[in-house]
Each structure stands twice: as structure tokens, then as C-alpha cells.
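Asks: Quick one: this structure, given as C-alpha cells, is what I'll be asking you about.
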Amino acid sequence: MTDSTSNLDQNGTLYITGAGVSAESGIPTFRGEDGYWTIGSHNYTPQEMATRHMYQHHPREFLRWYYHRFATYRHHGPNDVHHFLADKNLITQNIDGLDGKAGNPNYIAIHGRLDQMTIYHQQDQPVDIVAAPWDNVDTENLDNSLLALFNINGQPELYHSYKPFVLLFDEYYTDLYRISEAEQRMKSAERMVFMGTSFSVNITNMALEIARQRKIPVEIVDPNPVIVPYANTTYHRLRASDYIQTA
């Protein structure tokens, strides 16, 4: 795969962002009091809902939950942090697409994109990524409308039904999500800056391990930062919007 970072952030900094960056755009974080993970369905916890297993066996409830928890935020706009990152070498855990709306031409959305979907397929197989049909949803007949738009009759069928382009808890990183390119960007970085992330997902742990191996400096920007096991770390106990005023 061609390295596409040559025109981005010539000082060698790789930015890795999480849900805290989009909070100022009105999008709830995952683990805050109003976060996605604090609100489940009537019968399942959020950790159970956001799985391939739930999509496969309970697609009606999965799509309804996904629509209410994610798709209803699809028209929110980028904030000052997204605009600051628009010309930066960036990997985001967020699926909201706000970095693209801010003008970043080649950021990596390592967990997928809210505004996109794919044909339902076996993982690690190449498939096209297409626009998701959220604007065509009939909210007066929500369940049936979602099932029809995602080509689901009963249960999802491989290579017939559609699935939101989002990496679920029981799935793994593949090159559909540009994981090889993300790893290359980590290995090429001279500095890593983590913004608004809880270090609770594999991609941040992978990045931190590569930083330790390469002995490059790390900065963590968060009002309540996670303390990581790496000495060459600087903590900025700030919101990302305050940090960019001094960066």
C-alpha cells in the first residue's frame, strides 16, 4: 500500500483522536454520563448491542439502536479541533466523519464511518464502501424501513444484505479499515499526540507500544488523562480545544 502521509504534517507528528474530540460538537462520548455505553436497549447492554453477533441474530434491534445512538448525530458539524487537525497526519477512532467535513483529505477512520456501509461479508475480504441511506429512513416506520434499506429479510445474508461500515466489538482490524497503513504511520512518526481518548481500544495500545519500541515522545491531551506505562510521556490536562491554542 502506498504511504500517503508525505504531504501531511511535515514535523513528523501523528495525531490519534478519540470521542473526547467530538464532544464539543455535541456528540456524546462513549463512557461519560451521557455516553453511548451508558444507554442500552431494553434487553441488552451497549457492549452486547455493538457486535456482529447482534447484527446477525437480531438485526431489527441492532439497526434501531445504531440509528438512535449514532445516525441521529450525522448532521453535526466539526469544531475547532477538527479544523486544527485538517492538515495533520491523523488516525481517529471516531466514526462521525467530522474530520472529513473539516477538510482532512486522508485521515484514517480506523473504526469506520457513520455515513458509509458495505455489503455484508466475511471479514478480511475486499468489498466496496458505499454511502449509507440514513436520509431515506422512514422514522414513522423505523424498524421495517431500516431492514428494507439494508436488504435484510429475516436475518442478514452474506453478499446480499448491507452492514454499517463500523468495526464492532467482536470484529477485528482489517485493511478495509486501513490497519496496515495506520501501523505504517505509527512506525514512521517522530512524535504521537493522543487527544480525547481513554486508551480502552486496541488501536491506542498498538500505537503506544510502537512509541515505546521506537522511543519517541508521546503527549496525551485530556482533562482527566489516563496515565500510561511509558516514561517519555507529557500530559496536558486540558480539553483538546484549549490545547490547540498553545500547540
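Asks: Output the antiparallel fraction of DSSP beta bridges having both residues in the chain, as a percent to the nearest 5.
Replies: So the antiparallel bridges amount to about 30 percent of the total.
Asks: Counting only residues 5 or more places away or on other chains, whose amide H sits under 5 Å from the amide H of E219 once H atoms are built in the peptide plane?
Replies: Correct list: M192, V193, F194, T234.
Asks: Among the lysines in the chain, how many pairs, 8 or more places apart or on different chains, have alpha carbons under 23 Å apart? All intermediate terms of the calculation are to be shown ahead of the outcome.
Replies: Values: K88/K101; K88/K187; K88/K215; K101/K163; K187/K215.
For the chain, the number of qualifying lysine pairs is 5.
Asks: Against the longest alpha carbon principal axis of the chain, how many degrees, from 0 to 90 and to the nearest 10, is the axis of helix 202-214 turned?
Replies: For helix 202-214, the angle is close to 20 degrees.
Asks: Which loop-located GluC sites (Glu not before Pro) does the range 98-207 contain, where loop means any DSSP state but H, G, I, E or B and the Cβ has at most 13 other Cβ atoms within 10 Å?
Replies: Those that pass, being in a loop and sparsely packed, are E157, E190.
Asks: Let me ask something else about it. Using modelled backbone amide H atoms (1.01 Å from N, in-plane), which distant-in-sequence or interchain residues come within less than 5 Å of S161's amide H?
Replies: Long-range HN contacts for S161: Y120.
Asks: If the elastic network links every pair of Cα atoms under 10 Å, which of N79, N205, N106 fluctuates the most in the Gaussian network model of the chain?
Replies: Most flexible of the set in this elastic network: N205.
Asks: Using θ = phi - 60° and the Karplus curve 6.51 cos²θ - 1.76 cosθ + 1.60, what whole-Hz ³J(HN,Hα) does each residue of the range 177-183 get, with Gly and Pro shown as x?
Replies: Coupling constants for the range 177-183: 9, 6, 5, 5, 5, 4, 5 Hz.
Asks: Using the basic label-point model (7 angstrom from Cα toward the beta carbon), what is the H57 to F169 distance in nanometres?
Replies: 1.3 nm
Asks: Moving to a separate point now. Using the crude model of +1 on Lys and Arg Cβ and -1 on Asp and Glu Cβ, and no other charge, please compute the dipole size for the range 148-217 relative to its Cα centre, in debye to 20. Walk me through the numbers on the way to the answer.
Replies: Numbers: 8 positive and 8 negative charges, 91 e Å.
It works out to roughly 440 debye.
Asks: Once you have the Cα-Cα distance between L158 and D128, take 0.36 nm times their residue separation minus that, and quote the gain in nm to one decimal.
Replies: Full-extension gain reported as 9.4 nm.
Asks: Go through the range 119-134 residue by residue and turn each phi into a ³J(HN,Hα) via Karplus (6.51, -1.76, 1.60, θ = phi - 60°); whole Hz please, and just put x for glycine and proline.
Replies: Each residue's phi maps through the Karplus curve to give 4, 5, 9, 5, 4, 6, 10, x, 9, 6, 10, 10, 5, 7, x, 4 Hz.
Asks: Out of residues 5 or more away from L114 or on other chains, whose amide H comes under 5 Å of its own, with H placed 1.01 Å from N in the peptide plane?
Replies: D96, G97
Asks: Follow-up question, since we're still on this one. I need the phi-derived Karplus couplings for the range 186-196: 6.51 cos²θ - 1.76 cosθ + 1.60, θ = phi - 60°, integer Hz, Gly and Pro marked x.
Replies: Values per residue, Gly and Pro as x: 4, 6, 9, 6, 9, 7, 10, 10, 9, 10, x Hz.
Asks: Over all alpha-carbon pairs in the range 117-247, figure out the percentage whose distance exceeds 25 Å.
Replies: Working: 4024 of 8515 pairs.
Looking at the range 117-247, the distances longer than 25 Å represent 47 percent of pairs.
Asks: In addition: Find the centroid of the Cα atoms in the range 92-144 and in the range 145-213, then give the distance between the two in whole Å.
Replies: Answer, in whole Å: 12.
Quick note: the coordinates plus some simple rules give every number you see, no bench work behind them. Everything quoted here is computed from the prediction, not taken from an experiment. A quick note on method: Cβ atoms are made from the backbone with ideal geometry, for glycine too, and the neighbour counts reach across all protein chains shown.
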